[in-house]
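Scroll down for the structure; my scribbles are underneath it.
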Amino acid sequence: MKKNLETLCVQAGWTPKKGEPRVLPIYQSTTFKYETSEQMARLFDLEEAGYFYTRLANPTNDAVASKINALEGGVGCVLTSSGQAANFYAVFNICGAGDHFITSNTIYGGTYNLFGVTLKKLGIECTFVDPEWDDERIEAEFRPNTKCFFGETISNPGGNVFDIERFAKMAHKHGVPLIVDNTFATPINCRPFEWGCDIVTHSTTKYMDGHATQVGGAVVDSGNFDWDAYAEKFPGLTTPDESYHGLTYTKTFGKQAYITKLVSQLMRDLGSIPAPQNSFLLNLGLETLHLRMPRHCENAQRVAEWLEKNEKVAWVNYCGLKGNKYYDLAQKYLPNGSCGVIAFGLKGSKEEAIRFMDNLDFIAIVTHVADARTCVLHPASHTHRQLSDEQLLEAGVRPDLIRLSVGIENCDDIIADLEQAMKKM
Ligand SMILES: *Cc1c(COP(=O)(O)O)cnc(C)c1O
């Protein structure tokens, strides 16, 4: 039976059989038992599917991955121990030393560093492009060794909306997949595969969990990219893998080639799996994702409109505001709402902005973002402090930017807290 997103949030991934627990159990076990040596050998020869070691597969992790896969509409999903690991695996699965890829420059600070610094050490080069450049200028950055294009549906912390359809077309014209980090929108508000994106990543640490209890990530494969059509570009998928019984992923696994390679090669060798306990917590969050997201958006819309009218506020960036630079793109990709994160700047000095944050009552200063509790952060002095002012601006982060992550409390209380803190500035 075909189910809607709300039902998938609650029900997908775990379908107990007779006498089994109604609630997804935590299989907190590294290993799984078999009756005979022959049975175990068949698993290692890939002649039979089955659990044997949690680094490769675990029933709790698999159930939650399968729920996220259903929400995004993919052919396969893998959970990782963090969003950082998810973005690393998503790119490293098709890029090796000597390869190149292109990314939007308005992305999360951690991803910016991963791509610009750490991947460089592995011999993978990345070009940062401004999504506002015209097609011709961005297309000039594609090289024969370019292997993918990367962007964030809604950028953290700037709140810029990525034109998924435009960049999917551009990537495909150059024979490479589009990877989109869909963390802030979640599949409740945007499903990037419907716009031509090929691979979706998540930091499940944020709205998916929603309660700030676990750090996790996910990679979802649409199964739509035709690796064999560009076989010479993606030898890791289209030629035999000697470390894996000499099989060729596209031949053996078809539409699931990419995601199978990610598990059986990268996860096997690098091992960034989530603990089953964390996947259990993530699943509890997912069960209410469809209730929380609309409330985050409703509250954020009201707060953004209030900020916009406030004389102490210099500027507000929230794509739900009419007249916002990203309003039209948001109407296209996020018609039901974007997320609860607002970026704004206060008039006056940096010290005054700090005084404002210090005077907040229940709105807390935390590194976290996108959970049930309203919080603030000043990226230039917190998350992004490793970036120079120039890099900050390049990443769409103004030095005076305050990131306000609007929670699901009573909205009058949220506004009252902001108001009393501004009065004390
Ligand atoms: C937080 C975040 C990440 C990194 O995720 P972690 O779970 O903190 O490792 C990646 N992308 C986006 C958009 C994020 O907000």
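The values are calculated or read from the model by the stated rules, or taken from the named source; none is laboratory data. The structure displayed is predicted, hence computed values, not measured ones. Cβ placement follows ideal geometry from the backbone for every residue including glycine, while neighbour counts extend to all protein chains displayed. Ligands, DNA and RNA are excluded from the accessible area calculation, which covers all protein heavy atoms including side chains. Shrake-Rupley method; radii C 1.70, N 1.55, O 1.52, S 1.80 Å.
A few points about this structure:
- Here the chain is scanned for trypsin sites (Lys or Arg not before Pro) in DSSP loops (not H, G, I, E, B) that have at most 12 other Cβ atoms within 10 Å, and the longest stretch holding none of them is 34-321.
- Per residue, the chain exposes an accessible area of 42 Å² to a 1.4 Å probe, with every protein chain left in place.
- Accessible area of the stretch 1-121 belonging to carbon and sulfur atoms, whole % at 1.4 Å probe: 55
- If you run the Gaussian network model on the chain, springs between alpha carbon atoms under 10 Å, then out of Ala372, Ala49, Ala185 the most flexible one is Ala49.
- Local charge for Gly210 was computed over the other residues whose Cβ lies under 12 Å away, with Lys and Arg +1 and Asp and Glu -1, and equals +1.
- Exposed-site-free run, longest, the chain (rule: chymotrypsin sites (Phe, Trp or Tyr not before Pro); DSSP loop; at most 13 other C-beta within 10 Å): 134-361
- Surface composition of the stretch 140-222: carbon plus sulfur atoms contribute 53% of the solvent-accessible area (1.4 Å probe, protein chains only, all chains present).
- Top positive-direction residue, dipole computed over the chain with Cβ charges, set Thr15, Val303, Leu237: Thr15
- Computed about the Cα centre, the dipole magnitude for the stretch 292-423 is approximately 280 debye when only Lys and Arg (+1) and Asp and Glu (-1) carry charge, each at its Cβ.
- Amide H contacts under 5 Å for Val129: Thr103, Ser104, Asn105, restricted to partners 5 or more places along the chain or on a different chain, H placed in the peptide plane at 1.01 Å from N.
- Proximal charge balance of His296 [Cβ under 13 Å; K/R count +1, D/E count -1]: +2
- Dipole of the chain computed with +1 at Lys/Arg Cβ and -1 at Asp/Glu Cβ about the Cα centre; of Phe280, Gly337, Val215, farthest Cα towards the positive end is Phe280.
- Taking the Cα centre of the chain as origin and assigning +1 to Lys and Arg Cβ atoms and -1 to Asp and Glu Cβ atoms, the resulting dipole is close to 600 debye.
- In the stretch 192-252, the GluC sites (Glu not before Pro) that fall in loop regions by DSSP, at most 13 other Cβ within 10 Å: Glu232
- Cα centroid separation, the stretch 250-290 to the stretch 108-170: 24 Å.
- Within the accessible area of the stretch 292-423, the carbon and sulfur atoms contribute 47%, probe 1.4 Å, all protein chains present.
- Positive-end extreme of charge dipole, the chain - chosen from Met293, Val75, Ser264 (charges on Cβ): Met293
- Seen from Asn156, the other residues with C-beta closer than 10 Å to its C-beta sum to a net charge of 0, counting Lys and Arg as +1 and Asp and Glu as -1.
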